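Taken together, the values in this text are just the output of simple stated rules run on the coordinates, not laboratory data. Here the structure is a predicted model, which is why all the values come from computation and not from measurement. As a convention, Cβ positions derive from the backbone with ideal geometry for all residues, glycine included, and neighbour counts pool all protein chains shown.
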Amino acid sequence: MNTVCVAIIACCLAFVAAEMCTTNSDCVATQCATGNTVICQHPNSTDGIKPNGGLCTCQAQGQCTTRADCLGTSVNLQCPDSQRHCYDNNCICDRFPIGKRAALN
């Protein structure tokens with residue numbers, strides 16, 4: 001029984017670790033809706049891109065200029081409106097708190 005519990009915990013930790021990324025090609029475990037693209041999102045900061053400093057998320061194809069362009073059912077994202085954001089002119093399910101910086105340890 002203990003071995004099964006340890007195995008389950010190890011699988012969960014491996015899955016969580018797989019979500020961290022440096023580039024889009026690191027996002028092998030993230031699944032997106034049809035027509036969307038997996039991207040590696042880095043937090044907005046002056047530190048630039050750091051190795052394993054991003055989180056994998058989904059990006060809807062199409063242009064946006066504001067967050068409001070990404071809300072509602074017209075954008076095919078599998079996340080609530082509260083987690084949607086306009087990132088590099090594409091709608092995404094934001095993995096970082098909007099307007100805040102997240103630290104990855």
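The stretch between GLN83 and GLN31 holds 17.0 nm of extra length on full extension. This uses 0.36 nm per residue minus the Cα-Cα distance. For the pair ASN44 and LEU71, label points projected 7 Å from Cα toward Cβ lie 1.7 nm apart. Peptides 83-92, 30-39, ordered by how many other C-beta atoms sit within 10 Å of their residues on average, highest first, read 83-92, 30-39. The residues neighbouring ASN52, those whose beta-carbon lies less than 11 Å from its own, together hold a net charge of -1 under the Lys/Arg +1, Asp/Glu -1 convention.
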